[in-house]
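Asks: Take this structure, written in structure tokens, and hold onto it; I'll ask about it next.
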Amino acid sequence: MEGIPIFEFRIATAKLFLELNKPETAAEILKILTMEQDDVAEVWYLLGFAYSNNTDLAANVLHCCLTARDVSVFINFKNLV
């Protein structure tokens with residue numbers, strides 16, 4: 001993936017868009033990140049936060065938060081084994 005910034009940089013960029021009150025732009029970045037790597041709880045949490053400003057997306061907020069929780073639990077369990 002030459003020319004695409006590293007994963008962590010794009011997370012930081014999405015956070016900046018959230019701070020600038022641009023949740024739609026942040027959500028676009030975060031959706032791409034979940035397609036690339038779906039086991040990062042922070043990305044799912046931030047995506048849920050980006051969706052939280054839109055009441056029409058309440059189901060998406062819940063899905064993202066539950067996925068963040070599940071990923072976090074799975075990663076912690078995997079580290080114990």
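Asks: Which count do you get for residues in the range 32-56 that are assigned to a helix (DSSP H, G or I) and either open to solvent by 70 Å² or more (accessible area, probe 1.4 Å) or farther than 18 Å from residue 17 by Cβ (or both)?
Replies: Residues in the range 32-56 being assigned to a helix (DSSP H, G or I) and either open to solvent by 70 Å² or more (accessible area, probe 1.4 Å) or farther than 18 Å from residue 17 by Cβ (or both): 9 in total.
Asks: Determine if the range 1-17 includes at least one residue that is open to solvent by 100 Å² or more (accessible area, probe 1.4 Å), over 21 Å from residue 71 (Cβ atoms), assigned to a helix (DSSP H, G or I) and of a type in the set (Asp, Glu).
Replies: no
Asks: Filter the range 1-46 down to the residues that are of a type in the set (Val, Ile, Thr) and free of Cβ contacts under 8 Å to residues at least 12 places away in the same chain and list them by number.
Replies: The answer is 4, 6, 25.
Asks: Filter the range 47-60 down to the residues that are within 9 Å of the chain's Cα centre (by Cα) and either within 19 Å of residue 5 (Cα to Cα) or without any contact (Cβ under 8 Å) to a residue 12 or more places away in the chain (or both) and list them by number.
Replies: If the condition is that a residue be within 9 Å of the chain's Cα centre (by Cα) and either within 19 Å of residue 5 (Cα to Cα) or without any contact (Cβ under 8 Å) to a residue 12 or more places away in the chain (or both), then 47 is the only one that fits.
The values are calculated or read from the model by the stated rules, or taken from the named source; none is laboratory data. Nothing here was measured: the structure is a model prediction, and the numbers come from that model. Neighbour counts are summed over all protein chains in view; Cβ atoms, including those assigned to glycine, are modelled from backbone coordinates with ideal geometry. All accessible areas refer to the heavy atoms of the entire protein, side chains included, with ligands and DNA or RNA removed. Shrake-Rupley method; radii C 1.70, N 1.55, O 1.52, S 1.80 Å.
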